Amino acid sequence: MLPLVAEGKSGFLYLDPSEKSFEIGGEFSVSLRVGTDFPINAVKTVLYFPKDKLSVEGVSKQDSIFTLWPEEPKFSNESGEITFLGGLPHPGFVGTDGQILSIKFKAKDRGVAELNFGETAILASDGKGTNIFSYAKEGKYTLNFPVPIILSNTHPNEDKWYQDNNPEFSWKLVNTIIGVSFILDKNSTTEPDDISEGKLDSQIYQEINDGVWYFHLKAKDNLGWSSTRHLTIHIDTTPPSPFEIVVNNEGDPTNPRPILYFDVHDEISGIDYYRINFETGDSVILANPGINQYQLPLQGPGTHQIVVQAFDKAGNFRENITGIAIKPIEQPILTIWPRIYVSGEEIFYTEGNALPKSKVMLFLEKDNKVLREWQTSADEQGLWKFSSDDLLKAGIYYLYSRAKDYREAVSEFSPKEEIKVMFSGLAIGSFLLTFRNLVLILIIILLIFIGLAIYSIHRILKAKKRLKKETKEAKESLSLGFGELRKNIKEELEKLERVKSERELDEKEKEFFKNLKEDLEKVEKFIGKEIKDVEEELK
């Protein structure tokens, strides 16, 4: 609480905080401030601190009301003092909360550290520099040994809510501690009493109520009690309140995306998020708890079950189930379709009626499998048409349709209409060769083969005629040559006959005569046969 300001020209100095407990080895900051009921333009003072218990780690002029520093702030940890002279131009400062300096101290030793002011002047901005200093409120700080760190395995995060209402706390004791005092309540600043609970290092509470709780702990050594350490825990075991789900289809029972409204409250930890579960097994998370409405994704005709779960920040949840009924839009009608369709020779054509400007999906099914799926659009009068030259294999097919409007709302499927497909050709991939064209192609191929055959026969006969002529000439040449050869051989044989009539032939002559005669017979026989064979081939 700030000191009171006397009436008239008066000014005072004070420290913020002026009293507090700190741990040895820790650092803390103290603000030096000025209050005055008359404009001032300068302050000069000396602040003394116990050098055996405190050391100055730094002095900051940030956010100071003074902009002029004839004497910069200085400190000495050897003499234990801080000095400065600061000011600001006319019209000066007037008020009760003028920041001058921020001083950072480090606690060095156990005990009470007092901060005292020495010679001080607060100068009025009156043109005379009148010293209006009236008093200073000094500081008194208790420096204790470090308080044990409090841990909680059940509630480790001070900012998080938990369902567990059996909190556990633990801390480590150093050898110098001879006892502890603690308490769990809902007041953040409670100080445990000075009655020791003994050298305990943990505490468990059972089935405490929902809400924000504070565990307070201080320790004692031979010199006295430490300052108090606090740990916050949040407990919520209660699920959110029951709630209703309102389905808004905007007055249209065919609306495929109605809006869900739900207003859920949780008195303890508050709503954290919503989960929307669908009958397909899919779900969606609404991470913003302030949004309590949701437009459903596209839904088909029929009744669908939706589960809304509201989770609080501790993980408790409440759920509600609702059913939504989506009516189908008007069903399209097939008015024209081919009862018998000759694939490859005809154009597949169908038409019908549907909602104006709607999309019409056509399905062609065979053996309970959709083999073709087409799409067309209805005009402003609802008339739609479709044609295709797709190749289809022979068999029994079924054609049916379904409509979809601009909202993606769909109709029921139309009745299935039977189509008998006849095949009139040979399909090679996406190319169709009709039987009529196939016969024409075969006739052309046959004519080509006949032409090639006639041409080949003509070439063969021509070649045979030429060969026959050449063979005849060869025969005449052969006969002439062989006749000459035979004549010469016979002349030799006749000579041997004459010699034989005159004398007896020796053995060599007899052998030569015999062999020559036999060879002549063999040659005549072989040549005669070959000439005869050639004549037979050429007939």
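The values are calculated or read from the model by the stated rules, or taken from the named source; none is laboratory data. Being a predicted model, the structure only gives us computed values, none of them experimental. All Cβ positions, glycine included, derive from the backbone under ideal geometry; neighbour counts span all protein chains shown.
So that you can scan it fast, the table gives a plain yes or no per residue for (1) more than 15 Å from A354 (Cβ to Cβ); (2) more than 39 Å from the chain's Cα centre (by Cα); (3) touching a residue at least 12 places away in the same chain (Cβ under 8 Å); (4) loosely packed, with under 13 Cβ neighbours inside 10 Å:
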{"position": "K369", "(1), (2), (3), (4)": "yes, no, no, yes"}
{"position": "D379", "(1), (2), (3), (4)": "no, yes, yes, yes"}
{"position": "L392", "(1), (2), (3), (4)": "yes, yes, yes, no"}
{"position": "Y397", "(1), (2), (3), (4)": "yes, yes, yes, no"}
{"position": "S401", "(1), (2), (3), (4)": "no, no, yes, no"}
{"position": "V410", "(1), (2), (3), (4)": "no, no, yes, no"}
Problem set entry | Residue ID - nearest to D126 (Cα to Cα), chosen from residues in region 41-88 that are surrounded by 14 or more Cβ atoms within 10 Å (Cβ to Cβ) and basic (K, R) | K44
For this session: Check D272 against each of (1) exposed (fewer than 14 other Cβ atoms within 10 Å of the Cβ); (2) in a strand (DSSP E or B); (3) charged (D, E, K, R) and name the one condition it does not meet.
Result: (1)
For this session: Could you check how many residues of region 154-176 are among the hydroxyl-bearing types (S, T, Y), under 37 Å from the mean Cα position of the chain (by Cα) and not in a strand (DSSP E or B)?
Result: 1
Exercise. With respect to the numbered conditions (1) surrounded by fewer than 14 Cβ atoms within 10 Å (Cβ to Cβ); (2) hydrophobic (A, V, I, L, M, F, W, C); (3) under 30 Å from G270 (Cα atoms), which one is the sole condition not fulfilled by V174?
Worked result: (3)
Exercise. Across region 208-265, which residue is modelled with the highest pLDDT among those that are outside any strand (DSSP E or B) and of a type in the set (A, V, I, L, M)?
Worked result: I208
Problem set entry | Residues within region 306-350 that are in a loop (DSSP other than H, G, I, E, B), within 31 Å of the chain's Cα centre (by Cα) and not basic (K, R), tallied | 3
For this session: Check G211, G198 and return the single one that is surrounded by 12 or more Cβ atoms within 10 Å (Cβ to Cβ) and on the phi > 0 side of the Ramachandran plot.
Result: G211
For this session: Answer yes or no: is there a residue in region 283-297 that is surrounded by 19 or more Cβ atoms within 10 Å (Cβ to Cβ), in a loop (DSSP other than H, G, I, E, B) and under 44 Å from the mean Cα position of the chain (by Cα).
Result: yes
Exercise. Out of curiosity, is S241 out of contact with any Leu (no Cβ under 9 Å at 6 or more places or on another chain) and more than 30 Å from L151 (Cα to Cα)?
Worked result: yes
Exercise. Does N166 satisfy being out of contact with any Pro (no Cβ under 8 Å at 6 or more places or on another chain) and modelled with pLDDT under 95?
Worked result: no
For this session: Report yes if some residue within region 273-293 is farther than 30 Å from E417 by Cα, acidic (D, E) and either touching a residue at least 40 places away in the same chain (Cβ under 8 Å) or touching a Lys or Arg at 6+ places or on another chain (Cβ under 7 Å) (or both); otherwise report no.
Result: no
For this session: Name every residue in region 173-190 that is within 25 Å of P156 (Cβ to Cβ) and either at pLDDT 95 or above or hydroxyl-bearing (S, T, Y) (or both), in order of residue number.
Result: V180, S181, F182, I183, L184, D185, K186, N187, S188, T189, T190
